[in-house]
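The values are calculated or read from the model by the stated rules, or taken from the named source; none is laboratory data. Predicted model, so just to flag it, every value in this text is computed and none were measured. With ideal geometry, Cβ positions are generated from the backbone for all residues, glycine too; neighbour counts draw on all protein chains shown. Remember, those area values only see protein heavy atoms, side chains included, never the ligands or the DNA or RNA. Shrake-Rupley method; radii C 1.70, N 1.55, O 1.52, S 1.80 Å.
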Amino acid sequence: MGLLNMPASKRNSRQWRLLDVVTAAFFGFVFLFFLLVFTPLGDSLAASGRQTLLRSPSDPRQRHRIIAVIEAGKQQTIEACPADSVDHMPCEDPRLNSQLSREMNYYRERHCPKPEDTPLCLIPPTKGYKIPVQWPESLHKIWHSNMPYDKIADRKGHQGWMKIEGPHFIFPGGGTMFPDGAVQYIEKLGQYIPISGGVLRTALDMGCGVASFGGYMLSKDILTMSFAPRDSHKAQIQFALERGVPAFVAMLGTRRLPFPAYAFDLVHCSRCLIPFAAYNATYFIEVDRLLRPGGYLVISGPPVQWPKQDKEWSDLQGVARALCYELIAVDGNTVIWKKPIGDSCLPNQNEFGLELCDDSDDPSSAWYFKLKKCVIRTSSVKGEFSVGVIPKWPERLNAAPARVTQLKNVDDVFEADTKRWQRRVGYYKNSLNLKLGTPAVRNVMDMNAFFGGFAAALKSDPVWVMNIVPSRKPSTLDVIFDRGLIGVYHDWCEPFSTYPRSYDLIHVSSIESLTKDEASGKNRCNLVDLMVEIDRMLRPEGTVVVRDTPEVIDKVARVARAIRWKTAIHNKEPGSHIRDQILVATKTFWKL
């Protein structure tokens with residue numbers, strides 16, 4: 001009533017002031033919304049100080065200050081990442097990669113964020129996570145709660161891939177092209193190629209699914225490197241690793257796979273759907289680079305005698321003929337070829353325009369190296385490394401490979417390195433209370449492998465070792481494969497292509513050398529990011545073993561406290577003449 005008795009000018013003034021307040025509040029709300037959603041302040045507020053995520057600040061200098069505080073031992077703990085990041089792989093993030101070109105599957109390859117764009121936080125385990133089922137039982141079943149993704153079981157269960165049974169995923173051992181089981185399929189291959197007897201040792205399984213082929217090849221003493229991209233099935237490589245089968249995330253797209261030339265005795269594709277004859281046979285040429293002379297190529301599924309794929313099947317046979325591969329058998333939808341031992345029959349007249357590479361091309365350069373459309377010359381790689389000539393397994397493990405003699409100043413280093421690691425691993429087991437040799441350790445990584453001496457010393461243990469040769473160090477990965485071991489090239493200033501919680505034990509010698517430029521001695525990246533990445537790859541209650549100088553071990557111990565590891569520092573093994581100390585750390589089993 002009082003408002004009605006006021007003069008009109010005063011009523012309008014009051015109404016305008018009220019409208020101004022409402023309008024200002026509205027625009028203030030909109031401004032705050034944009035501030036929270038599109039600026040670092042939103043991230044900062046969402047984190048609420050010491051909430052779940054310590055995000056990387058937009059200012060690189062601030063990130064460096066945070067890292068310096070951690071390295072100085074003044075940061076008590078690095079915080080946990082959000083719950084939805086339990087399977088985060090920084091270089092295979094589908095939210096980012098989906099925006100990239102789909103030509104030759106470029107978007108499915110590695111694309112790593114800049115360090116300043118990477119959250120500095122610890123990946124949490126899944127809700128209900130349990131310590132994994134131990135090997136060899138894990139080959140047949142794993143905990144459902146450790147990776148509760150039912151998509152593959154729903155889609156592929158009728159083909160024998162996997163199924164849900166109570167609290168477990170069960171793996172009957174089947175595949176799309178071998179629904180009756182990998183064992184029967186492998187026995188069929190054994191009719192045509194020497195599966196048993198040590199002639200074949202290293203195999204590559206392309207587009208491996210849940211890696212049942214590789215898992216069952218282990219009983220034949222054939223060590224299979226399985227790979228597949230992070231695709232719509234989401235977790236196939238994660239399942240493989242949880243089963244205790246060698247595997248990593250990769251895509252045959254625009255770049256060479258991170259292996260040296262002539263690494264594998266056998267290359268296998270079971271419905272991997274790789275268009276081998278496309279792009280002027282570029283993908284077949286990459287397989288040829290990886291396959292040893294005298295090695296075997298097995299392709300099961302399309303386009304091999306497949307309905308409505310007559311042209312693709314004809315083209316595939318045409319490429320094999322152009323490279324003078326010997327056709328061993330066509331059995332149903334499976335074809336088996338043997339690669340010639342001598343130099344390729346090229347140059348010859350062929351419809352794909354295939355030519356030999358120049359002698360100057362290094363066929364083992366494979367870290368972010370674009371695929372070539374030329375075929376490497378067998379004679380460009382010195383030494384005796386053909387299948388049937390290279391020693392059988394296990395004799396080849398400790399025999400100095402022919403390719404080791406091509407390296408400078410290492411004539412006597414190979415034998416000394418082998419003996420050194422036998423002594424060191426014996427000390428690890430007897431004096432450091434590591435779980436090596438027990439069922440608690442199955443998946444092992446050596447981050448700085450050199451000749452693979454650490455892995456060779458574990459031959460009698462129920463483990464497999466992913467040997468990493470840093471891309472900036474001498475290229476010794478071919479020696480590792482010649483020994484009958486497996487591994488990849490990698491640059492440790494980037495995250496590795498694996499899922500979180502992949503490994504039971506991670507070993508690294510000279511950890512500081514992985515972050516520094518050897519020529520200048522300057523840091524290319526930092527120890528904190530590297531150790532956070534190690535934590536991402538390591539399973540809860542897993543073990544880290546670091547060898548380095550006492551000064552570096554002190555740094556590692558300070559960062560380890562921030563990562564929530566339990567640590568102990570030990571003296572080097574008796575008889576060693578270097579200054580090393582050894583840090584043994586256990587990843588604690590914490591939960592959100």
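Here are some notes:
- Selection of segment 478-528 for residues being open to solvent by less than 10 Å² (accessible area, probe 1.4 Å), farther than 27 Å from E71 by Cβ and not basic (K, R) yields V479, I480, F481, D482, G484, I486, G487, V488, Y499.
- Qualifying residue in segment 423-434 (condition: assigned to a loop (DSSP other than H, G, I, E, B), in contact with a Leu (Cβ under 9 Å, 6 or more places away or on another chain) and under 30 Å from K566 (Cβ atoms)): yes
Residues checked against (1) part of a loop (DSSP other than H, G, I, E, B); (2) more than 19 Å from the chain's Cα centre (by Cα); (3) modelled with pLDDT of 95 or more:
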residue	(1), (2), (3)
F451	yes, yes, yes
K459	yes, yes, yes
N467	no, no, yes
D478	no, no, yes
F481	no, no, yes
V488	no, no, yes
C493	yes, no, yes
Y499	yes, no, yes
H507	no, no, yes
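- Filtered residues of segment 382-412 (kept if within 19 Å of L290 (Cα to Cα), among the aliphatic types (A, V, I, L, M) and either open to solvent by 20 Å² or more (accessible area, probe 1.4 Å) or touching a Cys at 6+ places or on another chain (Cβ under 9 Å) (or both)): V389, A402
- Applying the condition of being part of a strand (DSSP E or B) and in contact with a helix residue (DSSP H, G or I) (Cβ under 8 Å, 6 or more places away or on another chain) to segment 239-277 and asking which residue is farthest from A402 (Cα to Cα) yields S270.
- Scanning segment 95-114 for residues that are more than 25 Å from R63 (Cα to Cα) and surrounded by fewer than 18 Cβ atoms within 10 Å (Cβ to Cβ) returns S98, Q99, L100, S101, R102, E103, N105, Y106.
- Among the residues of segment 57-90, those identified as of a type in the set (D, E) and either part of a helix (DSSP H, G or I) or open to solvent by 70 Å² or more (accessible area, probe 1.4 Å) (or both) are E71, D84.
- Only listed residue being under 21 Å from the mean Cα position of the chain (by Cα) and either open to solvent by 30 Å² or more (accessible area, probe 1.4 Å) or farther than 24 Å from F385 by Cβ (or both), chosen from Y192, Y185, Y216: Y216
- Filter result (open to solvent by 10 Å² or more (accessible area, probe 1.4 Å), among the aromatic types (F, W, Y) and more than 24 Å from K392 (Cα to Cα)) within segment 277-334: Y279, W306, W313
- Residue match in segment 212-233 (condition: aromatic (F, W, Y) and more than 24 Å from P94 (Cα to Cα)): yes
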